[in-house]
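The values are calculated or read from the model by the stated rules, or taken from the named source; none is laboratory data. Not measured: the values here are computed from a predicted model. Backbone-built Cβ (ideal geometry, glycine too); neighbour counts: all protein chains shown. Side chains are part of the model used for accessible areas, which takes the heavy atoms of the whole protein and leaves out ligands, DNA and RNA. Shrake-Rupley method; radii C 1.70, N 1.55, O 1.52, S 1.80 Å.
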Amino acid sequence: MATIAPNVLNPVVFEVPEPPEEFGQDGGKFYRSYDSFAEEIDEDLVSGLKEQLDGLLVFAGLFAGVNSAFLALTLPLLSADPADDTNALLTQNNAILMQLATGRNDSLPTDVGLPSSSFAPANNVVTVNVLFSLSLTFALISSFLAVLGRQWLVYYRKRSGGGPDRQRWEQLKRYLGADRWRLELILDDILPSLLQIGLIIFCISLIIYLNSLSPIVSKIVGVPMYPTDVRRAARNRQEERRTKFKELFSSIFTDSWLRLLIKAREEEPLESLQIIALRRLICTSEDPATLLSTAANILTISDPNQLTKLWDDGIFKERLLDLYKGSAARTLKFLGRGRVDLASAVRRLYAAATTHFVFYINLDGLEFQSLLYCLRDTEGFRESTIWIPEEMPKDTSQFFVQMSLTLSVISIIDFMPSDVEIQNFCGYLSTCSDALINPNWRFLSLICWIVSQLPRVQDINHGDLESMRKVVTGDTITSLESIDRAFSIISEGKSVHTLESDRVMINLMRCTSQVVADECPHPDLRLDQILKILQHAERFLRSASCSREVRIIVEKIRKDTVRKFMRICFTTPQPGRKVADISEDVFEALIYLFMSLRDPRKTRFTYSEDTEALRVFTPLVKEILSDTITWRWEDEFHADRFDRCPVTLRQMLDGVGGSWDEFRLDVEQMGAIQRTENNLRRIRDPESRWCHWQERPRGGY
């Protein structure tokens, strides 16, 4: 069954939907399409089965009446006829009367039994009655199941209470239950087959019964009951039903009835229902708008288990690849050759949906490479079809932009891109980074991974795609490593070709700041991981390429990190008591952070920024080194950190205090040098009441 919306390919109304942030949150496009599709399927199913069952009930009633009439004739033949006993007794009585009338004294036999005592029905009579009874049984069973089927159809179409979402998923659960129990097969094939079997048995028994009465009549009646065309139709129908019966019986004998009952009552989670809805539309619908909204919603599914179930369906996989390969050509065919931009948008959406499976499920190496080659070698796979137009990334769903970037990387795998291609790719990457105005952790990690690969962009191969897959799926460790490498490459001025470093870095830092401040969804980053992010940002802050805008963002990251540290690690269970719960990993990350703040480099950030870092971290360090803090360490509480404190805790506290003191002394020395230089400048210009600041290298002493 195909759902085709009228005039859906009108160029005025046809548009490619944007992938939503959450499943179904696309303005109701997907749900409207699915509801219309499900309603059509359900109505078609119910109306067809209802007509079938109505006809079956009428025929079964007539057939049962005819069968009962013949049984009324043949059942008495199974027992002795009382008239035979009566006749036997009358015969014996007449004999006695005759003896009395003639005056004879002959003795009469007294041991003569009645005919009923030695009665035994004929074999053909037993056969006829058994067959008639069996035929009637099949008719009654068919009628009983048909009545149950009618009741099930009423329940199937009955709408439950609640909103449209609840009704939608409740109806889908009923559909899945009907499919699991093979109800359509039972009502549409097995019930008519039972009735037809009963009819065949009835015909056989009728012929046998007529043969006992008149062989000539039985032959005359039996010949037209099985004509040639009926045999041919029966054979064709038999092959079709044999396949369906095998499917039914295999499901019955593979699983016990008890297990089938348990399975039938399992409650499908919402995620599984969403996957089933996607599969039904992709595999069945032919409406372009419905297929596009379905492909857009595929990008919102991130659970590998659910995506694996969907991809393992051979029909779904074949259909999705077919849509990807032929979507652009079909769109141009219906809309006209002038709508290349719309055809490219359609191709990008199906390509993004297919690529989503590549990176979110664990494909084996051979299937992974073959799918990548299928994506790349399809006719029309080029920059114009996989790149989003320059003016669109900010307003485009980040799922879409993310998949477009992954396709761009796939397009250069195992190739040696030219300088022009690399230049175009860097420009596209800079444009896509603007989409981080809507912060997203996975998109941030992907851009950082691509930036980290730019120095070796000509050497990217399939071995690098495993790390990109981890980044795309949100692996925290790989993402943090990518952020570190990206910040280091840009801060150290390594070759990134024609990438707009300032533009990209501002976007990366802004998104990082929002991640640290919990202003966007992200994985549950541990505090030590957040400190490492701050360490990377502080390192970039010291570089000569750091702009003023980035500097402001890094200062915000620093303040947000300290604020989160204080909120997470220090609690006040009761007035006057403060408990600190800091893990060893957090201590080590804090020590490395303080060490990096004083790490000598060719260029160091200015004294004012040093003092700002000192001002922000001072309250935190005072809290950590305070004597009024009760420490929770290894599930025990320690109020005195000098005498009874564990050795590892004392070592961590000493490490924090030592690294902090070194940084603080470094800042004080820098302050003394700054004051000395200022005094020397004033001495050189005694007539002036203000200081002529001389330009000197940033970060110099």
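Here I197, I190, I207, I201 are screened, and the one residue that is touching a residue at least 60 places away in the same chain (Cβ under 8 Å) and part of a helix (DSSP H, G or I) is I201.
Anything in segment 418-440 that is surrounded by fewer than 16 Cβ atoms within 10 Å (Cβ to Cβ) and outside any helix (DSSP H, G or I)? List them, or say none. If the condition is that a residue be surrounded by fewer than 16 Cβ atoms within 10 Å (Cβ to Cβ) and outside any helix (DSSP H, G or I), then S418 is the only one that fits.
Listed here are the residues, each with its yes/no results for (1) over 24 Å from L407 (Cα atoms); (2) within 29 Å of the chain's Cα centre (by Cα); (3) open to solvent by 10 Å² or more (accessible area, probe 1.4 Å); (4) touching a residue at least 12 places away in the same chain (Cβ under 8 Å).
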{"position": "L444", "(1), (2), (3), (4)": "no, yes, no, yes"}
{"position": "T473", "(1), (2), (3), (4)": "no, yes, yes, yes"}
{"position": "F487", "(1), (2), (3), (4)": "no, no, no, yes"}
{"position": "I530", "(1), (2), (3), (4)": "yes, no, no, yes"}
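Please work out if I301 is under 30 Å from W181 (Cβ atoms), at pLDDT 85 or above and surrounded by fewer than 15 Cβ atoms within 10 Å (Cβ to Cβ). So I301 fails the test.
So that you can scan it fast, the table gives a plain yes or no per residue for (1) open to solvent by less than 40 Å² (accessible area, probe 1.4 Å); (2) of a type in the set (G, A, S); (3) modelled with pLDDT of 90 or more:
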position	(1), (2), (3)
V8	yes, no, no
E18	no, no, no
G28	yes, yes, no
L62	no, no, yes
L75	no, no, no
P82	no, no, no
N87	no, no, no
L108	no, no, no
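I477 - would you say it is crowded, with 19+ Cβ neighbours inside 10 Å and either over 26 Å from the mean Cα position of the chain (by Cα) or in a helix (DSSP H, G or I) (or both)? No. Taking the conditions exactly as written (open to solvent by 30 Å² or more (accessible area, probe 1.4 Å) and under 20 Å from S285 (Cβ atoms)), does R330 satisfy them or not? Yes: the conditions hold for R330. Considering only residues that are part of a loop (DSSP other than H, G, I, E, B), open to solvent by less than 40 Å² (accessible area, probe 1.4 Å) and out of contact with any Pro (no Cβ under 9 Å at 6 or more places or on another chain), which ones fall in segment 494-522? Hits for segment 494-522 are L499, A517. For segment 47-60, the set of residues classified as open to solvent by 20 Å² or more (accessible area, probe 1.4 Å) and not hydroxyl-bearing (S, T, Y) consists of G48, K50, E51, Q52, D54, G55, L57, V58, F59, listed by residue number.
Table: residues versus (1) more than 32 Å from the chain's Cα centre (by Cα); (2) modelled with pLDDT under 85.
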site	(1), (2)
S491	yes, yes
K494	yes, yes
N507	no, no
H522	no, yes
L525	no, yes
F540	yes, yes
C546	yes, yes
E549	yes, no
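Only one of the numbered conditions (1) part of a helix (DSSP H, G or I); (2) touching an Asp or Glu at 6+ places or on another chain (Cβ under 6 Å) is not met by G48, and that is (2). Residue check: P417 meets all listed conditions (1) over 27 Å from the mean Cα position of the chain (by Cα); (2) modelled with pLDDT of 85 or more but one, namely (2). Within segment 162-184, residues that are without any contact (Cβ under 8 Å) to a residue 60 or more places away in the chain sit with their Cβ atoms under 8 Å from residues that are open to solvent by 40 Å² or more (accessible area, probe 1.4 Å) and part of a helix (DSSP H, G or I), at 6+ positions apart or across chains, in these pairs: G162/E170; R174/Y155; A178/W152; A178/E184; L183/W152. Condition check for A328 on (1) outside any helix (DSSP H, G or I); (2) of a type outside the set (S, T, N, Q); (3) touching a Gly at 6+ places or on another chain (Cβ under 8 Å): one failure, at (1).
Residue by residue, here is whether (1) surrounded by 15 or more Cβ atoms within 10 Å (Cβ to Cβ); (2) within 24 Å of the chain's Cα centre (by Cα); (3) not charged (D, E, K, R) holds:
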site	(1), (2), (3)
Y155	no, no, yes
G161	no, no, yes
L172	yes, yes, yes
R180	no, yes, no
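Residues of segment 530-549 that are more than 11 Å from M509 (Cβ to Cβ), of a type outside the set (A, V, I, L, M, F, W, C) and either touching a Cys at 6+ places or on another chain (Cβ under 8 Å) or in a helix (DSSP H, G or I) (or both): K532, Q535, E538, R539, R548. State whether one or more residues within segment 557-566 are of a type in the set (D, E), surrounded by 15 or more Cβ atoms within 10 Å (Cβ to Cβ) and modelled with pLDDT of 80 or more. The answer is yes, given that some residue of segment 557-566 is of a type in the set (D, E), surrounded by 15 or more Cβ atoms within 10 Å (Cβ to Cβ) and modelled with pLDDT of 80 or more. Can you tell me how many residues in segment 130-151 are of a type in the set (F, W, Y) and surrounded by 15 or more Cβ atoms within 10 Å (Cβ to Cβ)? Within segment 130-151, residues that are of a type in the set (F, W, Y) and surrounded by 15 or more Cβ atoms within 10 Å (Cβ to Cβ) number 2.
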